[in-house]
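Q: So that we are looking at the same thing, I have put the structure below in structure tokens.
What follows is calculated from the coordinates using simple rules that are stated; it is not laboratory data. Remember, it's a predicted structure, so these values are computed and weren't measured experimentally. When we count neighbours, we look across all protein chains shown, and the Cβ atoms used for this are built from the backbone with ideal geometry, even at glycine.
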Amino acid sequence: MSTSRNTVQRREVIGVLSQVPGFVSAQDLHTLIEHEGGHIALATVYTQLKKLVHNGDVDVVMTDRGESLYRRCVVESHHHHLSCRLCGATVEVDAPELEKWAHDIGEAFGYRELRHVVEFNGVCSSCQSN
């Protein structure tokens, strides 16, 4: 998917991010990389994440507080996420009805090559029972 150079820093970010089961902040990812013995500046982590998101190699969601969280997704096609606001559990969602609606809105206003990001969040069933 990616057309970026495969630098040491990029490999460190992808390697550690691939081991994280959910979404993680850039700061937490930086800490994990350092714990694994990597040496990378926090600014470089941000730069690499920005490139990986741009290339579609990493997904990003925004928290209610405006913080970006990142995850290496297993689904390569366009999809959305349903995330728990309390524990961070995330489900990848295929929503063909949403895709059709987005396409129809773009068509109605004469837009082509439409892109969109939709984030769903709530409280998962596990957190509801606690």
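Q: If you restrict to DSSP beta bridges whose two residues both lie in the chain, what percentage is antiparallel, to the nearest 5?
A: 70
Q: What list of ³J(HN,Hα) couplings, whole Hz, do you get for segment 15-29 from phi and the Karplus terms 6.51, -1.76, 1.60, once you set θ to phi - 60° and write x for glycine and proline?
A: So the J values, rounded to whole Hz, are x, 6, 4, 5, 8, 7, x, x, 7, 9, 6, 4, 5, 5, 5.
Q: Tell me the trypsin sites (Lys or Arg not before Pro) within segment 1-42 that lie in a loop according to DSSP and have at most 12 other beta-carbon atoms within 10 Å.
A: Here the trypsin sites (Lys or Arg not before Pro) that fit, given the DSSP loop and packing criteria, are R5.
Q: Most mobile of S25, S77, S68 per a Gaussian network model of the chain (Cα springs, under 10 Å)?
A: S77
Q: Let me ask something additional. Could you give the longest part of the chain that holds none of the chymotrypsin sites (Phe, Trp or Tyr not before Pro) found in DSSP loops with at most 13 neighbouring Cβ atoms within 10 Å?
A: Within the chain, the longest run free of exposed chymotrypsin sites (Phe, Trp or Tyr not before Pro) spans 1-108.
Q: Taking amide hydrogens as modeled 1.01 Å from N in the peptide plane, which residues meet the under 5 Å criterion relative to N121, leaving out close sequence neighbours?
A: Hits under the 5 Å cutoff: S83.
Q: Here is a further query. Which residue fluctuates most in the GNM of the chain (Cα springs below 10 Å): V24, V93, V61?
A: Comparing V24, V93, V61 in the GNM, the peak value goes to V93.
Q: A further question follows. Filter the trypsin sites (Lys or Arg not before Pro) in segment 29-130 down to the DSSP loop ones having no more than 16 other Cβ atoms within 10 Å, then list what survives.
A: When the trypsin sites (Lys or Arg not before Pro) of segment 29-130 are filtered for loop state and at most 16 Cβ neighbours within 10 Å, R65, R85, R112, R115 remain.
Q: In segment 1-44, which GluC sites (Glu not before Pro) fall in coil by DSSP and have 15 or fewer other Cβ atoms within 10 Å?
A: Details: sites: E12, E34, E36; in loops: E36.
For GluC sites (Glu not before Pro) across segment 1-44 that sit outside H, G, I, E and B with at most 15 neighbouring Cβ atoms in 10 Å, the list reads E36.
Q: Report, by chain and number, residues whose modeled amide H sits under 5 Å from the one on D57, excluding near sequence neighbours (fewer than 5 apart, same chain).
A: none
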